[in-house]
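These notes are about the structure you will find just below.
Values in this text are rule-based calculations from the coordinates and carry no lab data. Note that this is a predicted model, so its numbers are computed, not measured. Here the Cβ positions follow ideal geometry from the backbone for every residue, glycine too, while neighbour counts run over all protein chains shown.
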Amino acid sequence: MTGNITSLTIEEIEQIAQKDDFHIAPFREDGETYGTPTWIWVVMVDNQLYVRAYNGVNSRWYQSAIKQKAGKIEAAGMVKEVQFEPVTGNINEKIDDAYREKYSNSPYLQSMISKRAKAATVRVYKEDNRNE
């Protein structure tokens, strides 16, 4: 892991969430090589970043993110090594609202708040555990 990559600050999360240039690259099967960066939508809910796979749980990046649980993101002029975790439950309603607010003018909005995409919701986070 790159030594200069630290946890995401609230300011960085806000900057990332305000932009529309989010690229996700989960690790490949070797756990060391990043996959090809994929442009996707990102939203912020309760100071956390969330993404969804337009094509649902069969999406290649989603499958890699869930299996490898880590990778990198590129957004708002930053590159960050991050972790991924699947999301279920009531938080999805807040995530739907965040998508509606940020992407209200997009013809793809309904697809991103559909059951298919909702089933492929991922929290993107970085915890700095180097104190251990």
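Worth pointing out:
- Recomputing Rg and Dmax of the Cα atoms in Å from the coordinates shown identifies the correct label among (i) 14.0, 46; (ii) 22.4, 70; (iii) 16.8, 49 as (i).
- Sorting 114, 104 by the number of Cβ atoms found within 10 Å of their own Cβ, with the fewest placed first, yields 104, 114.
- Burial ranking of peptide ranges 25-35, 117-127 (average Cβ count within 10 Å, highest at the top): 117-127, 25-35
- Relative contact order %, the chain, counting alpha carbon pairs below 8 Å whose residues are six or more apart: 30
- Phi angles across the range 104-118 convert, under the Karplus curve 6.51 cos²θ - 1.76 cosθ + 1.60 with θ = phi - 60°, into 3J(HN,Hα) values of 4, 8, 8, x, 8, 4, 4, 5, 6, 10, 7, 4, 4, 6, 4 Hz, Gly and Pro given as x.
- Interchain or long-range residues, amide H under 5 Å from residue 70's placed H: 27, 84
- The calculated 222 nm mean residue ellipticity attributable to helices in the chain amounts to -7500 deg cm²/dmol, summing -39500 (n - 2.57) over DSSP H runs of n ≥ 4 and dividing by all residues.
- Principal-axis tilt of helix 91-102 within the chain, Cα atoms, nearest 10 degrees: 80
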